[in-house]
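Asker: One structure, pasted below without further comment.
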Amino acid sequence: MTAIATQQINYLNVKKGIWSWIFTLDHKRIGLLYLYSISTFFFVGVILGVLMRLELFNPGRDIMEAKTYNQVFTLHGVIMIFLFIIPSIPASFGNFFLPIMLGTDDVSLPRLNLLSWWLYVIGALFALSTLVFGGGPADTGWTFYAPYSVKTGTNVSMSVMAAFVLGFSSILTGLNFIVTIHRLRTPGMTFNKMPLFAWALYATSWIQVLATPIIGITLLMIVVERVFGIGLFDPSMGGDPILYQHLFWIYSHPAVYIMALPAMGVVSEIIPTFSQRTIFGYKPIAYSSMAIAFVGYFVWGHHMFTSGMSGSAAIIFSILTFLVAIPTAIKVFNWLATLYKGSIDIKVPLLFALAFIFNFLIGGLTGLVVGALAVDVHVHDTYFVVGHFHYVMFGGTGFAFFGALHYWFPKIWGKMYNMTRAYVAFGLLFIGFNILYFPMLILGVMGMPRRYYDYLPQFHTLNQISTIGSWILVVGLLLMIYNLIEGYRKGPKAAGNPWHGITLEWQTDSPPPLHNFDKMPELPEGGPYNYPNAKSE
Amino acid sequence: MNASNFVEGVDFTLYLILGIAVFFLIGITFTMIYFLIRFSKKRSPVATNIEGHLGLEILWTVIPTILVVIMFYYGWTGYKPMLTAPEGAMEIEATGQMWKWSFKYPDGKVSDSLVLPLDKPVKLNLKSPDVLHSLYIPAFRLKHDVVPGGNNSMWFIPQKHGSYDILCAEYCGQLHSYMLSTVSVVGEDEYAAWLKSSPDLSNEHPGLTLLKKNACISCHTTDGTRLVGPSFKGLMGRQENVLIDGNEQTITVDRDFITQSITEPNAAITVSYQSNLMTPYKDILSEEDINKIIDYIQTLK
């Protein structure tokens with residue numbers, strides 16, 4: 001009797017009602033709170049993005065005025081950066097799976113964990129309140145460059161406060177993960193026996209803790225300047241607009257690695273599981289995360305090559321930027337080598353992981369183009385940059401997020417989605433994504449600046465192709481969501497370990513019990529990915 | 001011949017990096033697909049645990065390192081000459097303001113597009129009275145930020161006859177994408193003739209000429225459309241609610257009010273418009289100019 005009862009009680013059905021969710025201290029439920037709120041904002045961001053693409057279908061006015069367009073792209077950026085992609089993988093899947101993968105029952109500081117979700121909600125409400133209060137949503141771009149952000153009549157102060165509060169949420173999550181990784185690993189799990197997802201989160205958390213305070217103080221300076229008229233960045237009041245750019249990118253470039261590293265962690269989990277063999281080059285992959293996090297601090301100046309910085313500063317920032325490519329390349333080659341002599345089961349999570357590699361390669365290689373000084377002078381602030389960072393963030397992190405969703409879906413909800421529909425949705429997403437963003441790279445080389453409401457006739461065709469891509473992408477997204485919701489509602493019960501993985505989350509039930517493990521999990525012999533059924537070398 | 005002296009350095013680096021990028025993208029993608037087929041569950045029922053290979057790790061650390069150093073090097077050599085203009089380059093003051101470019105030549109001629117002689121080095125001194133802009137000439141592969149309060153400059157040698165777009169690459173507000181101009185590269189004689197000529201303005205109201213020249217009409221339309229500033233149409237004699245020292249008052253627009261709005265725009269701001277956006281024209285426009293402008297505004301009924 002008792003055995004059956006414990007099997008049926010899991011973290012999802014142990015308590016009922018909204019209060020048992022929004023005041024929960026269980027890391028799995030907090031992970032899901034994040035997952036649902038993040039996904040909601042992702043869809044808001046997608047709708048704004050689609051509206052922008054519709055406006056750009058033809059030159060001139062299609063569906064909105066210039067000012068509205070400027071507000072739409074700002075809100076799209078703020079939502080996608082601060083409400084979706086920065087918290088995306090760490091706050092949802094990180095919260096849910098880090099403690100389980102470390103073989104423990106929760107994060108170190110569960111109350112702080114709940115607080116960080118509440119801060120996220122408050123920050124989100126701040127951002128949304130600009131739709132109703134003040135002069136409307138900011139029209140500055142998500143970068144809030146001074147002095148325009150000081151002069152414009154839109155509600156910049158509230159948007160900036162939103163980012164400020166969200167920053168705290170991010171810092172607290174990072175802090176919690178660092179403490180958890182140091183203190184709560186299951187006995188026998190040394191740092192070098194941690195799953196690579198944990199390594200990636202560890203590197204990410206350090207960036208969150210060390211870099212985020214800088215954006216916090218910088219954004220407060222904007223508010224101080226707007227409200228009290230203290231000239232910090234506006235030269236007409238004695239300020240320096242270039243100072244703002246430095247302060248902004250000192251955070252916002254490392255933030256790119258907050259977005260990318262957890263995605264790399266997900267890929268490092270998915271590939272060994274579907275190859276049924278150990279990861280190739282565990283240590284290079286783990287340590288390269290730390291190297292990326294470290295070098296990533298010193299490259300922010302590459303956003304400012306055309307701002308009038310000195311030649312020596314430009315050389316240093318350019319060469320450091322190129323150095324980031326090396327640990328990234330190491331990861332890609334090791335993932336590739338992990339497929340070698342595997343026993344590969346081509347399931348949808350694996351396809352998302354491989355699509356991550358393809359898209360991220362384009363994102364990274366175009367990053368080399370903008371890292372080179374001479375070329376950056378040409379393509380900086382053009383659609384080339386827009387294409388480049390969407391390949392990194394959406395094609396990379398976004399696809400890894402979808403991959404994680406399909407990979408851990410059976411573990412989180414204990415159900416399985418329809419695999420055929422998932423393949424079709426993946427195909428539409430991959431094709432739609434590339435039709436949407438590849439033309440932007442060409443537009444940029446042709447010289448179309450970014451943040452353009454209207455454009456010259458020579459840019460028409462490629463903009464139309466790009467907009468058509470956005471429709472295919474949206475169909476793929478809707479099909480994917482439909483398939484996952486159908487799977488949750490009516491899907492067959494999933495086994496505890498449907499993919500035959502060996503990291504610790506696959507040793508517990510699906511969905512996991514309240515305290516994650518009914519019996520102490522056992523570490524695999526000889527490393528976290530040492531598949532017992534595979535031949536040794 | 002390339003459109004400017006920088007095209008070669010930029011394009012060479014661009015194609016070099018793209019070449020390497022395409023090689024790796026195709027190589028990695030095809031290897032990935034090959035492994036997926038060759039080591040699929042069906043063909044390879046039992047996997048092999050291979051933990052790593054020191055030689056390979058060194059190989060794929062060293063090769064990317066060499067390649068990125070090469071890329072950096074060409075990026076740098078293409079960029080270095082952009083930093084310093086040669087002695088004796090013709091200096092033109094290029095002003096970007098919301099949302100118009102204007103160019104002031106050494107002899108005092110002011111134009112809203114650039115006309116340049118072939119093969120002569122040109123240095124643009126970049127000024128902005130309001131927010132950030134970026135002067136971008138895609139055909140020349142060149143852009144530089146225009147920073148208010150700063151003294152940035154850019155230089156180049158136009159090498160091919162033709163007319164090329166000038167765009168603003170740094171987002172600067174509502175009409176950012178309409179901040180367009182052109183650069184025409186012409187022969188020496190044509191250039192000299194252009195420099196001497198002045199546009200035929202005999203049919204244009206001198207007030208309108210001044211409004212155009214000072215970028216007033218980028219923000220204030222003459223046809224009643226609302227931009228970031230109130231339209232000039234029907235302005236004279238209109239009742240407006242304005243904020244003076246934070247107090248809302250209703251005033252009737254007259255010559256004195258318009259004069260004040262031009263010289264000290266922040267003293268009284270029409271309700272629903274933004275303060276601190278407009279540059280004070282106190283030291284830019286003479287009293288005579290302002291009178292011509294007001295005369296013109298009076299005609300816009």
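Asker: If I filter the range A:236-252 for residues that are crowded, with 24+ Cβ neighbours inside 10 Å, touching an Asp or Glu at 6+ places or on another chain (Cβ under 6 Å) and in a helix (DSSP H, G or I), do I get at least one hit?
Answerer: no
Asker: Of all residues in the range A:197-206 being out of contact with any Pro (no Cβ under 8 Å at 6 or more places or on another chain) and crowded, with 24+ Cβ neighbours inside 10 Å, which is nearest to A:Y297 (Cα to Cα)?
Answerer: Selected residue: A:A203.
Asker: Which numbered condition trips up B:E204, out of (1) touching an Asp or Glu at 6+ places or on another chain (Cβ under 7 Å); (2) free of Cβ contacts under 8 Å to residues at least 40 places away in the same chain; (3) farther than 23 Å from B:A94 by Cα?
Answerer: It is condition (1) that B:E204 fails.
Asker: When the range B:145-164 is examined, which residues are found to be crowded, with 24+ Cβ neighbours inside 10 Å and either more than 19 Å from A:T306 (Cα to Cα) or in contact with a Ser or Thr (Cβ under 6 Å, 6 or more places away or on another chain) (or both)?
Answerer: Those that are crowded, with 24+ Cβ neighbours inside 10 Å and either more than 19 Å from A:T306 (Cα to Cα) or in contact with a Ser or Thr (Cβ under 6 Å, 6 or more places away or on another chain) (or both): B:D145, B:V146, B:F156, B:P158.
Asker: Can you spot a residue in the range B:131-146 that is aliphatic (A, V, I, L, M), farther than 25 Å from B:I17 by Cα, within 9 Å of chain A (Cβ to nearest Cβ) and within 18 Å of the chain's Cα centre (by Cα)?
Answerer: For the range B:131-146, residues aliphatic (A, V, I, L, M), farther than 25 Å from B:I17 by Cα, within 9 Å of chain A (Cβ to nearest Cβ) and within 18 Å of the chain's Cα centre (by Cα): present.
Asker: Still on this structure, please answer the following. Which residue, of A:V267, A:V256, is more than 10 Å from chain B (Cβ to nearest Cβ), out of contact with any Phe, Trp or Tyr (no Cβ under 6 Å at 6 or more places or on another chain) and either more than 28 Å from B:N151 (Cα to Cα) or of a type outside the set (K, R) (or both)?
Answerer: On the way: A:V267 fails: out of contact with any Phe, Trp or Tyr (no Cβ under 6 Å at 6 or more places or on another chain).
None of the others qualify; the one that does is A:V256.
Asker: Still on this structure, I have one more. Name the pairs: first residue in the range A:58-70 and in contact (Cβ under 8 Å) with a residue 12 or more places away in the chain and at the interface with chain B (Cβ under 10 Å from one of its Cβ atoms), second residue outside any loop (DSSP other than H, G, I, E, B) and surrounded by 15 or more Cβ atoms within 10 Å (Cβ to Cβ), Cβ to Cβ under 6 Å, at least 6 apart or on different chains?
Answerer: If the second residue must be outside any loop (DSSP other than H, G, I, E, B) and surrounded by 15 or more Cβ atoms within 10 Å (Cβ to Cβ), the pairs left are A:Y69/A:E55.
Asker: Continuing with the same structure: Please find, within the range B:264-297, the residue that is nearest to B:M236 (Cα to Cα) out of those that are within 13 Å of another protein chain (Cβ to nearest Cβ) and loosely packed, with under 13 Cβ neighbours inside 10 Å.
Answerer: B:V271
Asker: Step by step: first the residues of the range A:124-149, then only those that are aromatic (F, W, Y) and closer than 17 Å to A:I242 by Cβ, then the one that is surrounded by the fewest Cβ atoms within 10 Å (Cβ to Cβ). Which residue is that?
Answerer: A:Y145
Asker: Continuing with this model, one more query. Identify the residue in the range A:447-464 that is more than 7 Å from every other protein chain (Cβ to nearest Cβ) and crowded, with 16+ Cβ neighbours inside 10 Å and, among all such residues, is nearest to A:A66 (Cα to Cα).
Answerer: A:R450
Asker: With A:I357, A:I412 as the choices, which residue is more than 14 Å from every other protein chain (Cβ to nearest Cβ) and of a type outside the set (D, E)?
Answerer: One residue alone meets the criteria, A:I412.
Asker: Please determine, by comparing only the residues of the range B:154-181 that are polar (S, T, N, Q) and within 11 Å of another protein chain (Cβ to nearest Cβ), which one is farthest from A:G60 (Cα to Cα).
Answerer: That would be B:Q174.
Asker: Are any of the residues in the range A:511-533 within 12 Å of another protein chain (Cβ to nearest Cβ), farther than 30 Å from A:T338 by Cβ, surrounded by 21 or more Cβ atoms within 10 Å (Cβ to Cβ) and in contact (Cβ under 8 Å) with a residue 60 or more places away in the chain?
Answerer: no
Asker: Taking into account only those residues within the range A:79-105 that are under 13 Å from the mean Cα position of the chain (by Cα), among the aliphatic types (A, V, I, L, M) and in a helix (DSSP H, G or I), which is surrounded by the most Cβ atoms within 10 Å (Cβ to Cβ)?
Answerer: Within the range A:79-105, the subset under 13 Å from the mean Cα position of the chain (by Cα) is A:79-94.
Those still in the list that are among the aliphatic types (A, V, I, L, M) too: A:79-81, A:83, A:85-86, A:89, A:91.
Now drop any that are not in a helix (DSSP H, G or I), which leaves A:79-81, A:83, A:85, A:89, A:91.
On the way: A:I79: 25, A:M80: 24, A:I81: 20, A:L83: 25, A:I85: 27, A:I89: 31, A:A91: 27.
Ranking the candidates gives A:I89 first.
Asker: Check A:F228 against each of (1) out of contact with any Ser or Thr (no Cβ under 8 Å at 6 or more places or on another chain); (2) closer than 19 Å to A:Y145 by Cβ; (3) without any contact (Cβ under 8 Å) to a residue 40 or more places away in the chain and name the one condition it does not meet.
Answerer: All conditions pass for A:F228, except number (2).
Asker: Considering A:V209, A:V179, A:V223, which residue is at pLDDT below 90 and either surrounded by fewer than 21 Cβ atoms within 10 Å (Cβ to Cβ) or not in a loop (DSSP other than H, G, I, E, B) (or both)?
Answerer: Of the residues listed, the single one that is at pLDDT below 90 and either surrounded by fewer than 21 Cβ atoms within 10 Å (Cβ to Cβ) or not in a loop (DSSP other than H, G, I, E, B) (or both) is A:V223.
Asker: If you don't mind, there's one more thing I want to ask. Pairs only if they're at least six apart or on different chains, beta carbon under 8 angstrom, first in the range A:132-149 and more than 11 Å from chain B (Cβ to nearest Cβ), second surrounded by fewer than 19 Cβ atoms within 10 Å (Cβ to Cβ); list them, first residue then second.
Answerer: A:P137/A:L131
Asker: Hey, another quick one. Just one of the numbered conditions (1) within 18 Å of A:V370 (Cα to Cα); (2) surrounded by 15 or more Cβ atoms within 10 Å (Cβ to Cβ) is not true of B:A85; which one?
Answerer: (1)
Asker: Name the single residue, out of those in the range A:127-158 being part of a helix (DSSP H, G or I) and over 21 Å from the mean Cα position of the chain (by Cα), that is farthest from A:V227 (Cα to Cα).
Answerer: Once the filter is applied, the top-ranked residue is A:S129.
Asker: Could you please find all residues in the range B:256-285 being without any contact (Cβ under 8 Å) to a residue 12 or more places away in the chain and over 27 Å from the mean Cα position of the chain (by Cα)?
Answerer: Passing the criteria: B:D256, B:F257, B:Q260, B:S261, B:S272.
Asker: Go through (1) crowded, with 24+ Cβ neighbours inside 10 Å; (2) within 7 Å of chain B (Cβ to nearest Cβ) one by one and return the number of the condition A:Y340 breaks.
Answerer: Among (1) crowded, with 24+ Cβ neighbours inside 10 Å; (2) within 7 Å of chain B (Cβ to nearest Cβ), the lone unmet condition for A:Y340 is (1).
Asker: Only one of these is more than 10 Å from chain B (Cβ to nearest Cβ) and farther than 20 Å from A:H253 by Cα: A:V348, A:V386, A:V392. Name it.
Answerer: That would be A:V348, the only listed residue that is more than 10 Å from chain B (Cβ to nearest Cβ) and farther than 20 Å from A:H253 by Cα.
The values are calculated or read from the model by the stated rules, or taken from the named source; none is laboratory data. For clarity, every value in this text was computed on a predicted model and none was experimentally measured. So basically every Cβ, Gly included, is an ideal-geometry build from the backbone, and we count neighbours across all protein chains shown.
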